[in-house]
Amino acid sequence: MSFRTPQRHGYAVEFSPYYPQLLACATCQYYGIAGSGSLYLLESLPQGVRPVQKFDWNDGLFDVTWSENNEHVLVTASGDGSIQIWDTAQPKGPIKSLREHTKEVYGVDWSLTRGEQFVLSASWDQSVKLWDPAGDKSIATFLGHQHVVYSAIWSPHIPCCFASTSGDHTLRVWDTRNPQISKLVLTAHDAEVLSCDWCKYDDNIIVSGSVDSTIRGWDIRRPQSPIFQLDGHKYAVKRVKCYPFERNVVGSSSYDFSVKIWDFSRPQPCLETIEHHSEFVYGFDFNLHVPGQVADCSWDEWVRVYTPKSLTPT
């Protein structure tokens with residue numbers, strides 16, 4: 001099932017944590033180099049994917065994350081250095097725009113552990129900021145990366161803990177109670193690290209994806225060397241996601257126009273390669289409610305919702 005975002009190039013797609021059929025897609029005009037952006041709220045139905053709402057912003061939107069305590073609220077990352085908080089019940093525009101970063105915001109993530117309602121923003125200004133969505137100023141700024149910060153992702157298990165990836169080739173792990181210094185600095189790849197995700201079944205495992213076209217797994221208790229490496233993409237790995245229904249399964253999207261499904265416990269780990277885009281595949285996500293279902297989005301203006309053969313429930 002597919003939906004086209006005309007003159008908008010897909011950067012990120014995320015399923016709702018509340019409703020199995022809802023997903024959001026962050027997009028940019030002119031491939032994110034110039035122009036405005038749009039946030040699409042989409043509904044995946046048996047007869048196809050249909051638009052529910054569309055929100056426009058005056059700069060490109062590079063990432064999106066859903067609130068974990070309000071089914072109507074989403075946060076986007078923008079090229080103008082701000083994050084936007086949107087309420088789908090108020091379709092006029094964002095209920096709030098928070099701007100402190102001095103360069104593009106490339107990643108946002110809403111905390112997953114109970115009792116915390118915080119948002120992270122990762123920026124090309126080499127910093128990560130921590131926000132309370134109810135406030136008007138950031139709570140903390142995390143400095144240490146020596147290059148663009150591409151992503152900051154909360155641990156689903158450990159309170160106050162997140163990981164960040166950067167153009168400085170490192171993956172860092174932080175405790176929000178001590179923003180002055182990262183808990184762990186890991187030279188994860190020999191090139192820029194664009195993405196990471198935490199294993200849903202083991203709170204010590206992080207997976208990273210890089211411009212060097214590889215995906216690596218790390219045990220943060222023994223970070224000296226990766227616990228696995230997945231080779232197969234021809235170009236940069238833009239996004240990695242750990243599967244919520246099986247410990248060893250990972251999905252990835254790439255500049256080689258493909259999505260791959262992996263099982264890192266197998267001798268031949270690549271389970272499947274999906275090639276249904278004609279441009280960079282920037283966004284990828286697993287549906288938390290529907291085992292096997294995934295969504296991706298690409299610079300070719302298409303959002304696709306499907307179940308890969310390798311993940312089809314038996």
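Observations on the model:
- Picking from residues in segment 25-79 that are in contact with a His (Cβ under 7 Å, 6 or more places away or on another chain) and within 19 Å of ALA122 (Cα to Cα), the one that is most open to solvent (accessible area, probe 1.4 Å) is GLY32.
- Inclusion of SER67 among residues that are without any contact (Cβ under 8 Å) to a residue 60 or more places away in the chain and either over 28 Å from GLY167 (Cα atoms) or not aliphatic (A, V, I, L, M) (or both) is not warranted.
- Applying the criterion of being part of a loop (DSSP other than H, G, I, E, B) and aliphatic (A, V, I, L, M) to the residues of segment 286-314, the residue that is farthest from the chain's Cα centre (by Cα) is VAL290.
- Among the residues of segment 80-128, those that are under 22 Å from ILE33 (Cα atoms), surrounded by fewer than 22 Cβ atoms within 10 Å (Cβ to Cβ) and of a type outside the set (Gly, Ala, Ser) comprise ASP80, ARG99, GLU100, THR102, LYS103, GLU104, TRP124, ASP125, GLN126.
- Strands (runs of 3 or more DSSP E) fully within segment 95-181 counting 1 or more residues that are in contact with a Gly (Cβ under 6 Å, 6 or more places away or on another chain) and of a type in the set (Gly, Ala, Ser): 119-123, 149-154
- Remark: pairs (first residue in segment 290-304, among the hydroxyl-bearing types (Ser, Thr, Tyr); second residue open to solvent by 10 Å² or more (accessible area, probe 1.4 Å) and not in a strand (DSSP E or B); Cβ separation under 7 Å; 6+ apart in sequence or on different chains) = SER298/HIS277; SER298/GLU279; SER298/PHE280.
- Within segment 7-20, one or more residues are among the β-branched types (Val, Ile, Thr) and under 23 Å from SER298 (Cβ atoms).
- Of all the residues in segment 194-221, those that are closer than 15 Å to CYS161 by Cβ and crowded, with 21+ Cβ neighbours inside 10 Å number 7.
- Pair list, Cβ under 9 Å, 6 or more apart: segment 113-132 residue over 19 Å from PHE62 (Cβ atoms), other residue buried (at least 19 other Cβ atoms within 10 Å of the Cβ) and aromatic (Phe, Trp, Tyr): THR113/TRP154; GLU116/TRP154; GLN117/TRP110; PHE118/TRP110; PHE118/TRP131; PHE118/TRP154; ASP132/PHE118
- Here GLN268 clears all of (1) within 23 Å of PHE62 (Cα to Cα); (2) open to solvent by 10 Å² or more (accessible area, probe 1.4 Å); (3) among the polar types (S, T, N, Q) except the condition numbered (1).
- Residue within segment 273-285 that is crowded, with 17+ Cβ neighbours inside 10 Å, in a strand (DSSP E or B), free of Cβ contacts under 8 Å to residues at least 40 places away in the same chain and not small (Gly, Ala, Ser) present: yes
- Matching residues, segment 227-243, being open to solvent by less than 70 Å² (accessible area, probe 1.4 Å) and in contact with a Phe, Trp or Tyr (Cβ under 6 Å, 6 or more places away or on another chain): PHE228, LEU230, ALA236, LYS238, ARG239, LYS241, TYR243
- Filter result for the condition that a residue is touching a residue at least 40 places away in the same chain (Cβ under 8 Å) and on the phi > 0 side of the Ramachandran plot, over TYR11, TYR31: TYR31
- Residue selected from segment 174-190 under the condition in contact (Cβ under 8 Å) with a residue 24 or more places away in the chain and closer than 22 Å to ALA236 by Cα, by the criterion most open to solvent (accessible area, probe 1.4 Å): VAL185
- The set of residues from segment 1-24 being within 15 Å of GLY48 (Cβ to Cβ), among the hydroxyl-bearing types (Ser, Thr, Tyr) and open to solvent by less than 10 Å² (accessible area, probe 1.4 Å) comprises just one member, THR5.
The values are calculated or read from the model by the stated rules, or taken from the named source; none is laboratory data. Owing to the predicted nature of the structure, the values given are computational and were not obtained by experimental measurement. Counting neighbours? That spans all protein chains shown, and the Cβs are built from the backbone with ideal geometry, glycine included. Ligands, DNA and RNA are stripped out before the accessible areas are found, and what is left, the full protein with its side chains, is counted by its heavy atoms. Shrake-Rupley method; radii C 1.70, N 1.55, O 1.52, S 1.80 Å.
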